[in-house]
Amino acid sequence: MTVGQTTQTTQAAPTAAGRRGAGAAGGPRGKAFAPEYQGALGSLSVNSSLTEVLEKGARELRAAEAAGDLREVARCGLAVAEACRRLGRIEEADRAWKAGYRAAREAGDVAAMAWAMWSGGTLARQRGSLALAYRLLRLAAELGERGGDVVVRGYSLAGLAETGRIQGDYQAVGELHEQLLAEARRRGEARHTVWALEGIAQMHRNTGSYDRALELFEEAAETAGRADDRRGRAWALRGIADVVSVRDGDVERALALLSEAEVACREMELSSALAYNHKMRGNVLYRAGRYAEARDTYAGALEEFRAMDEPRGTALSRLGLAKALARLGRDTAETAAELAALRDTLNRIGLRHARDMVEKAAAELGVGPLPSGEEETRR
């Protein structure tokens, strides 16, 4: 099944999947909730710090294992996996989602199997294994449908849409984003509404429709604020900062927005969101011609992404750092070699717009044409 084929199935699926209403976990309509926190962890908030989630999740997981409660083992394992993933503890996250899946399968809980598979697919995308992410997220969506859990099905389809979006496959996933936005609004799921708005906004931003992108990012920020979704608001503020920087050249407003978002990222220990915030700060500084500051900011973001084993963020930070260093007088041949290596790295990850990004940087810096890459060499 391709992303496009998944898109075609979304309108017919909700009727069957809606049997369980709010899915494995629910919340008040219009307020953000975290359906990945289930069972004994259901009282945790979408804004709970990840350290709190991990500590309570590990404690409840041990208790469930001691009691032989496989369903609760799966639920607690999901929370542990997600906390580890968001903290950048990749190997622990990998072990946790797989153990949760095994417990759910042994218990015969299809919906819990879907949640574990969703976590694994999300982790695969974070690690840059996009083909594996597609496979796991498709399976999660199918299991969610079989298990009658509309929420995990929606999250899994959203994961497929996001995977296609970060690859630059906007034609295939644009309609899916719009359908998921309509479903989230219909069910009053604020957190998913915010996610969909931000995804659509990002596609508009990347194709040059800055006015529409800004409208959607601002709507996402307002929606997240009303729903008390601090994570979603932090990502939306990052998007607003990007647009006002690239469209208006409003450096100070962009930096202020990023500083506001950084507070939430730090308080909730959102390692990945914080690293992307710092990379965006580097972008804003670079556009403003503040190359030394941009260099230092990109270098810091690069260390954060490497510590999390996050290939996409690592590559994008390297790209920003290479551009800043070139502006500060780095040897042209060294810059060209770095950009060529980056092009190959991004191609391996599967980002279809990677060549355009790198070639644009080479043209901007006057270091093209770049040496032949791995793909051309194989030919």
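Count, please, the residues in region 159-182 that happen to be in contact (Cβ under 8 Å) with a residue 40 or more places away in the chain and of a type outside the set (Asp, Glu).
Final tally of qualifying residues: 13.
Only one of 64, 81, 103, 96 is touching a Ser or Thr at 6+ places or on another chain (Cβ under 6 Å), surrounded by 18 or more Cβ atoms within 10 Å (Cβ to Cβ) and either free of Cβ contacts under 8 Å to residues at least 60 places away in the same chain or not in a helix (DSSP H, G or I) (or both). Can you tell me which?
Going through 64, 81, 103, 96 in turn, just one is touching a Ser or Thr at 6+ places or on another chain (Cβ under 6 Å), surrounded by 18 or more Cβ atoms within 10 Å (Cβ to Cβ) and either free of Cβ contacts under 8 Å to residues at least 60 places away in the same chain or not in a helix (DSSP H, G or I) (or both): 81.
Hey, could you check region 222-231 for residues that are open to solvent by less than 10 Å² (accessible area, probe 1.4 Å) and in a helix (DSSP H, G or I) and say which is nearest to residue 271 (Cα to Cα)?
Step by step, filter region 222-231, then rank; the result is 224.
Look through 291, 276, 286, 298 and report the one residue that is farther than 27 Å from residue 47 by Cβ, under 21 Å from the mean Cα position of the chain (by Cα) and of a type in the set (Phe, Trp, Tyr).
None of the others qualify; the one that does is 298.
Could you say which residue among 53, 46 is within 21 Å of residue 190 (Cβ to Cβ) and at pLDDT below 90?
Every option except 46 fails the conditions.
Could we say that residue 197 is open to solvent by less than 10 Å² (accessible area, probe 1.4 Å) and at pLDDT 95 or above here?
yes
Which of (1) more than 15 Å from residue 162 (Cβ to Cβ); (2) in a helix (DSSP H, G or I) does residue 148 not meet, given it meets every other one?
For residue 148, the failing item is (2).
Which of the residues spanning region 169-220 are assigned to a helix (DSSP H, G or I) and among the acidic types (Asp, Glu)?
Within region 169-220, 175, 178, 183, 198, 211, 215, 218, 219 meet the criteria.
The values are calculated or read from the model by the stated rules, or taken from the named source; none is laboratory data. Predicted, not measured: the structure shown is a model, and the values here were computed from it. Cβ: placed from backbone, ideal geometry, glycine included. Neighbour counts: every protein chain shown. For the accessible areas, the whole protein counts, side chains as well, though only heavy atoms, and no ligand, DNA or RNA atoms are used. Shrake-Rupley method; radii C 1.70, N 1.55, O 1.52, S 1.80 Å.
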